[in-house]
Amino acid sequence: IAVYCLLYMLKHLDSDETEAPAQIISIVIFVIAIVIALSMVFFVFQHIVLISSNVTTSESIRKKYKQNAFDRGCCYNWKEMLYHI
């Protein structure tokens, strides 16, 4: 959505004032799409870290373990998550 809005804004950069409301709406949608995309990138990164250490979100928030007994190493944790070994 952000790319489409950006392309629309670039295509209509030199247009007359009759399309000004459409350009403003396009800018607003572009900003909202970028904010949502950045927040999703943060959540993906957070869950990559959680999967790598074999910790649930709840355990991460509560800091339940001083040393996680279920952590078997990054590669095995990913195999366990992907293949349910």
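The values are calculated or read from the model by the stated rules, or taken from the named source; none is laboratory data. Just so we're clear, the structure is a prediction, and the values are computed from it rather than from any experiment. FYI the Cβ positions are ideal-geometry reconstructions off the backbone, even for glycines, and counts take in every protein chain you see. Surface areas here come from the heavy atoms of the whole protein model, side chains and all, with no ligands, DNA or RNA. Shrake-Rupley method; radii C 1.70, N 1.55, O 1.52, S 1.80 Å.
Looking at L82, L10, which is the one that is of a type outside the set (V, I, T), loosely packed, with under 12 Cβ neighbours inside 10 Å and more than 21 Å from the chain's Cα centre (by Cα)?
Values: L82 fails: more than 21 Å from the chain's Cα centre (by Cα).
That would be L10, the only listed residue that is of a type outside the set (V, I, T), loosely packed, with under 12 Cβ neighbours inside 10 Å and more than 21 Å from the chain's Cα centre (by Cα).
Filter the range 60-79 for residues that are under 15 Å from I48 (Cα atoms) and under 23 Å from the mean Cα position of the chain (by Cα) and give the result.
Listed by number, the residues that qualify are S60, C74, C75, N77, W78, K79.
When residues of the range 13-31 are filtered for being open to solvent by less than 90 Å² (accessible area, probe 1.4 Å) and modelled with pLDDT of 85 or more, how many remain?
Counting residues in the range 13-31 that are open to solvent by less than 90 Å² (accessible area, probe 1.4 Å) and modelled with pLDDT of 85 or more gives 6.
Of everything in the range 44-66, what is open to solvent by 70 Å² or more (accessible area, probe 1.4 Å) and among the aliphatic types (A, V, I, L, M)? Give them in sequence order.
Across the range 44-66, the qualifying residues are V44, I48, V49, I61.
Select from the range 37-85 the residues that are among the aliphatic types (A, V, I, L, M) and touching a Lys or Arg at 6+ places or on another chain (Cβ under 9 Å) and write down the one among them that is modelled with the lowest pLDDT.
In this case the residue turns out to be I85.
Kindly provide the set of residues from the range 26-85 that are within 28 Å of I1 (Cβ to Cβ) and in contact with a Leu (Cβ under 8 Å, 6 or more places away or on another chain), ordered by number.
F30, T57, listed by residue number.
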